[in-house]
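Q: Dropping the structure in here first, questions after.
The values are calculated or read from the model by the stated rules, or taken from the named source; none is laboratory data. Values in this document were obtained by computation on a predicted structure and should not be read as measured data. A quick note on method: Cβ atoms are made from the backbone with ideal geometry, for glycine too, and the neighbour counts reach across all protein chains shown.
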């Protein structure tokens, strides 16, 4: 029956999509940018002192973000946080991590641009992942 | 993982193209492309969309003037319902839902393997909130 055939064709095509998605993930994971990012992330986590300061910084930033919603964050608090970031960002492990992260992001943006051009759909927007700053 | 090519660029572009081609070959994407084309080109629908825009403008002006007349809003809602209920729009919405489900499934697969949200980072506004 034609409908059975169409359903089978659809299921086959989706099987190919899922396996090519896995294949893409595999080659992305093997790319220089991902390898460098993984290494930088591991190095950052291994640098206990910097990693702990970073976690404290992120916790504090989150607290201030929440507090500023009801006007509970002072300008002094914000300045102290910025100063801590300024000092923290000189740590080589964090600098290396941020550089690797921005390279990875630029690379993924290139991948996304090619994907949009090749498929003719906005992959990120359709996945409901776009507009995070809206 | 391939050790032969530590850069891995060629494999990545090959992988992106294969993935794009596989997506395009699905009935879901073909149906979506057709629905999108009809949505863009149908003359009757264009007239209804123009009417909707004009009702929307009328409503905006009435609001600006502080008008309390109920007609602009009622007419705007009617025009919205007419466009939304049009078979071409309905078909487009249905086709889009299927594509969204497929795209999300592939993104979950890729993101799970990579340990990050692939679509968010590869999207147009990638990483803007980091």
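Q: If residue A:117 satisfies every condition in (1) more than 30 Å from residue B:10 (Cβ to Cβ); (2) out of contact with any helix residue (DSSP H, G or I) (no Cβ under 8 Å at 6 or more places or on another chain) but one, which is the exception?
A: With respect to (1) more than 30 Å from residue B:10 (Cβ to Cβ); (2) out of contact with any helix residue (DSSP H, G or I) (no Cβ under 8 Å at 6 or more places or on another chain), residue A:117 is out only on (1).
Q: Which residues, taken from segment B:95-122, are under 30 Å from residue B:54 (Cβ atoms) and without any contact (Cβ under 8 Å) to a residue 12 or more places away in the chain?
A: Scanning segment B:95-122 gives a single hit, B:97.
Q: Another question, if that's okay. Does segment A:33-52 contain any residue that is under 30 Å from residue B:25 (Cα atoms) and in contact with a helix residue (DSSP H, G or I) (Cβ under 9 Å, 6 or more places away or on another chain)? Steps first, please.
A: As a first pass, look at segment A:33-52 and keep what is under 30 Å from residue B:25 (Cα atoms): A:33-34.
From what's left, in contact with a helix residue (DSSP H, G or I) (Cβ under 9 Å, 6 or more places away or on another chain): A:33-34.
The answer is yes, given that some residue of segment A:33-52 is under 30 Å from residue B:25 (Cα atoms) and in contact with a helix residue (DSSP H, G or I) (Cβ under 9 Å, 6 or more places away or on another chain).
Q: Let me ask something else about it. Any chance segment B:83-100 includes a residue that's surrounded by fewer than 18 Cβ atoms within 10 Å (Cβ to Cβ), at the interface with chain A (Cβ under 7 Å from one of its Cβ atoms), modelled with pLDDT of 90 or more and not in a loop (DSSP other than H, G, I, E, B)?
A: Looking for residues that are surrounded by fewer than 18 Cβ atoms within 10 Å (Cβ to Cβ), at the interface with chain A (Cβ under 7 Å from one of its Cβ atoms), modelled with pLDDT of 90 or more and not in a loop (DSSP other than H, G, I, E, B), one finds at least one in segment B:83-100, hence yes.
Q: So which residues in segment B:50-68 are closer than 21 Å to residue B:88 by Cα and crowded, with 17+ Cβ neighbours inside 10 Å, if there are any at all?
A: B:52, B:55
Q: For segment A:61-79, which positions are surrounded by 13 or more Cβ atoms within 10 Å (Cβ to Cβ) and farther than 30 Å from residue A:35 by Cα?
A: Going through segment A:61-79, the residues surrounded by 13 or more Cβ atoms within 10 Å (Cβ to Cβ) turn out to be A:61, A:63-64, A:67-68, A:73, A:77-78.
Within segment A:61-79, A:63, A:64, A:67, A:68, A:73, A:77, A:78 meet the criteria.
Q: Next question. Go over the candidates B:46, B:40 one by one and state the one that is assigned to a helix (DSSP H, G or I), loosely packed, with under 13 Cβ neighbours inside 10 Å, within 14 Å of chain A (Cβ to nearest Cβ) and out of contact with any strand residue (DSSP E or B) (no Cβ under 9 Å at 6 or more places or on another chain).
A: From the options B:46, B:40, the qualifying one is B:40.
Q: For residue B:54, all conditions in the list (1) within 14 Å of chain A (Cβ to nearest Cβ); (2) assigned to a helix (DSSP H, G or I); (3) more than 20 Å from the chain's Cα centre (by Cα) hold save one; what is the number of the exception?
A: With respect to (1) within 14 Å of chain A (Cβ to nearest Cβ); (2) assigned to a helix (DSSP H, G or I); (3) more than 20 Å from the chain's Cα centre (by Cα), residue B:54 is out only on (1).
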